[in-house]
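Report on the following structure.
The values are calculated or read from the model by the stated rules, or taken from the named source; none is laboratory data. Note that the coordinates shown come from a computational prediction; the quantities given were computed from them, not determined experimentally. Because the Cβ atoms are built from the backbone with ideal geometry, glycine has one as well, and the counts that use them run over all protein chains shown. Side chains are part of the model used for accessible areas, which takes the heavy atoms of the whole protein and leaves out ligands, DNA and RNA. Shrake-Rupley method; radii C 1.70, N 1.55, O 1.52, S 1.80 Å.
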Amino acid sequence: MTPTYPTSLFEAHFSHAVPRDAGFPSFSKLPIELRRLIWTKWLQQQRFITIKIIPDTESGDEYAIEAARRYRHNKLLRVCREARTAALEFFSLRIPCTNFDTLVPLYFNPEYDILYIDQANYDGLAWFADLLPKLTTYDSRGVGVLNLAIDRHLLSDVSEDLKKLKKKKPTRKAFAEAVSNLQQVWCMVVEQPNIRAMAGALDWLGAKVHHNRAVPVFPLLQTFGRLPDLDPRPIEMDLGHLATFYHPQELVDGWRQIETDLGISRKEPLDLRVLVAADATYWSDTQEPVVNRATAQTFLEEEERRFREDICTIFDEPVPYWGEYLDKQEWEGLRGRLQDAVGFWLFTADAFDQLPDDGTTTLKRTRDLRMHPPELCVFDLN
């Protein structure tokens, strides 16, 4: 029997959303000042926006900016002239992207949106150090980027990149100013969905077979919300053996090295976090990526099938589908209480502690994070 996955977590968090068939015929009769406040209030939602830095083969520049396929222009830009005016004032940062046929920019709000700069197949700091200051010049208010997400490609050889940057004094100075302007930096650890199924159990240090359903699933969506408290689900058991392919501390240490090398001095401390989730686009060659409630359900059902039929049967003595951490009764009890989350975890920067110094590899490890419960952010599946 195919399991039914609870979704009330999403419904509860986004209960403020206006139903699609709702209407307010008298809206146009309200004073224009009140209408503008309503438009702006509707716009004040957090979004996770991805741009890609790619080699530029046409204009002669080293790189170009491309919007990721998860990006969608805000609906208020197309409702009416009044709504569009409110949206254009709200999205003060407009990033020129090469993959918009009409040359319409990517619209971004520095205070609400998180910008993830995906360097695609390029590793290193050079293009990033050049781009980050430029983004301020695209902002009509001159605010620039305040909230940034990065991944390991940016920090692949940070020591050598910083040495090269010292030879480019104007770029280094502008980069330092842009970095000092940041308020939040999230280190992205979005792994293959196998981290939920512990499919690397044969070579992950400290791993056992278990369906780790507490790990949130990261979709192709933009709008998300941060729950006011820590993850309220019963996640303690799964937190006790969280698997990651690479050590998140490498990203934290790499970013701190950048700030130290640039001599960054802040009035307020940087909010440095580690973002952890399972990549819900990894199977998109064989199924639809997660973009709504229906595709989330399909993803979870496929994951369940793979766990039961593939992972539990690869051993000489098949592992029961409830895994090696729990007995059947414990697993069924937890299954009824633990909701799958389409979103991501945010851990504090010290959650993963120091890199191991015992000579073992930093790859494919499980870690006990029960002393560092994370925040949960969930995407709007409506």
**Item:** Stretchable slack from Lys169 to Cys80, in nm (0.36 nm times residue separation minus alpha-carbon distance)
**Value:** 27.4 nm
**Asked** Share of the stretch 233-339's accessible area from carbon and sulfur, percent, 1.4 Å?
**Response** 47 percent
**Message:** Using 0.36 nm times the number of residues separating Leu230 and Gln329, minus their current alpha carbon distance, what extension gain do you get?
**Reply:** 32.9 nm
**Message:** Restricted to Cα positions, what overall size does the stretch 210-290 have along the principal axes? Three whole-Å values, descending.
**Reply:** 46, 32, 27
**Fill in**
Here the stretch 26-112 gives, from Cα atoms, an Rg and Dmax in Å of 15.7, 53
**Asked** What is the Cα coordinate range of the chain on the first, second and third principal axes, sorted by size from largest, in whole angstrom?
**Response** 64, 62, 42
**Asked** Can you give the Rg to Rh ratio for the stretch 213-256, taking only C-alpha atoms and Rh from Kirkwood?
**Response** 1.01
**Prompt:** To the nearest 10 square angstrom, how much accessible area does His211 have with a 1.4 angstrom probe?
**Reply:** 10 Å²
**Item:** Solvent exposure of the chain as accessible area per residue, Å², 1.4 Å probe
**Value:** 50 Å²
**Request:** With all protein chains present, calculate the accessible area of Asp161 using a 1.4 Å probe and round the result to the nearest 10 Å².
**Result:** 30 Å²
**Message:** Using only the Cα atoms of the stretch 254-329, what are the Rg and Dmax in Å?
**Reply:** 20.8, 59
**Ellipsoid semi-axes in whole angstrom, largest first, where each is sqrt(5λ) of the Cα gyration tensor of the stretch 126-204** = 32, 18, 8
**Request:** Equivalent ellipsoid semi-axes for the stretch 65-141, as square roots of 5 times the alpha carbon gyration tensor eigenvalues: give them largest first, rounded to whole Å.
**Result:** 24, 14, 10
**Item:** Eligible aspartates and glutamates near Lys168 by straight Cα distance, threshold 18 Å, same-chain separation 8 or greater
**Value:** Asp61, Glu62, Asp130, Asp157, Glu160, Glu177, Glu259, Asp261
**Fill in**
Ignoring ligands and nucleic acids, Val79 exposes an accessible area, probe 1.4 Å, in Å² to the nearest 10, of 80 Å²
**Request:** Measure off 7 Å from each Cα along the Cα-to-Cβ vector at Lys208 and Glu309, then give the distance between these two points in nanometres to one decimal.
**Result:** 2.7 nm
